[in-house]
Amino acid sequence: MQRDAAIALCREKCLKETTVRHLISVEGVMRALAARFGEEQDLWALTGLFHDLDQDHTGDDADGHAHMAAGWLRQAGVDDRVINGVLAHAHERYRTDLMSTAVVHADAVAGLLVAAALVRPEKASGMKVSSVKKKLKEKAFAPGVNREEITGVEGSIGLPLDEFIGVSIEGLQQVAPEIGL
Ligand SMILES: [Fe+2]
């Protein structure tokens, strides 16, 4: 699926602009991670973009979350690997490869980076790894962000924390103009 069509699908399915922005932020991080690993960037980007596609419909239904999205994506003819990655961000049993594991970490770090960017006058530009790590340690900052899904990245996908944050910042910066950052 081309990016324009993918963005249009997000806009069709998401009820809140903040959800669309979150999806695009994770897309940016996933594309940068794919580049770092020498993997397929468009595939990883689509997984990030679609991971919470049904968020505004499934709400607190944790078991149904991602399954509704998977149904829509199957209908739209989206690559099975992307659908598996979408399911994987919410359900551990689908974390079968690097991409479907990376999306968990990308989701968490994107949440932290966006929250950090929003409190800076320069937003995402010039953001430093060291300042993001300070925010990571501040438990009261963006409390909804799962810290373990960020700090556990090296043990999970083999990328040292500092490098992971650095690559993720670059990924966010690529999409920042689109999401007001
Ligand atoms: Fe997410």
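What follows is calculated from the coordinates using simple rules that are stated; it is not laboratory data. None of the values given here were measured: they were computed from a predicted structure. Neighbour counts are summed over all protein chains in view; Cβ atoms, including those assigned to glycine, are modelled from backbone coordinates with ideal geometry.
With a Förster radius of 25 Å, plug the Cβ-Cβ distance of D60 and E17 into 1/(1 + (r/R0)^6) and report the FRET value to the nearest 0.05. Each step should come with its number before you reach the end.
Working: r = 21 Å, r/R0 = 0.82.
Efficiency, rounded to the nearest 0.05: 0.75.
Of the lysine pairs in the chain, how many meet both conditions: Cα atoms under 18 Å apart, and a spacing of 8 or more in sequence or different chains? Display every interim value, and only then the final one.
Working: K123/K133; K123/K134; K123/K135; K128/K137.
Eligible lysine pairs with Cα atoms under 18 Å apart amount to 4.
Counting other Cβ atoms within 10 Å, keep those with at most 12, restrict to DSSP loop, and tell me which GluC sites (Glu not before Pro) in segment 1-40 are left. Please report the intermediate quantities before stating the final value.
Details: sites: E12, E17, E27, E39, E40; in loops: E39, E40.
Counting only loop positions with at most 12 other Cβ atoms within 10 Å, none of the GluC sites (Glu not before Pro) in segment 1-40 qualifies.
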Over segment 3-179, what is the relative contact order in whole percent, taking alpha-carbon pairs under 8 Å and six or more residues apart? 25
Loop-only check: which GluC sites (Glu not before Pro) in segment 150-181 are DSSP coil with at most 10 other Cβ within 10 angstrom? none
In degrees from 0 to 90, rounded to the nearest 10, what is the angle of the helix 161-175 Cα long axis to the longest principal axis of the chain? 60
Using θ = phi - 60° and Karplus 6.51 cos²θ - 1.76 cosθ + 1.60, couplings along segment 3-13 (whole Hz; Gly, Pro as x): 4, 4, 5, 5, 5, 4, 5, 4, 5, 6, 8
Between 0 and 90 degrees, rounded to the nearest ten: what's the tilt of helix 17-37 against the longest Cα principal axis of the chain? 80
Among S100, V29, L49, pick out the residue whose Cα is farthest towards the positive end of the charge dipole of segment 3-179, where Lys and Arg carry +1 and Asp and Glu carry -1 on C-beta, about the Cα centre. V29
Against the longest principal axis of the chain, how steep is helix 98-118, in degrees 0 to 90 to the nearest 10, with axes from Cα atoms? 50
Given the C-alpha centroids of segment 74-116 and segment 23-72, what is the distance between them in whole angstrom? 5
Under the 7 Å Cα-to-Cβ spin-label approximation, L98 and D42 lie apart by a distance in nanometres of 1.9
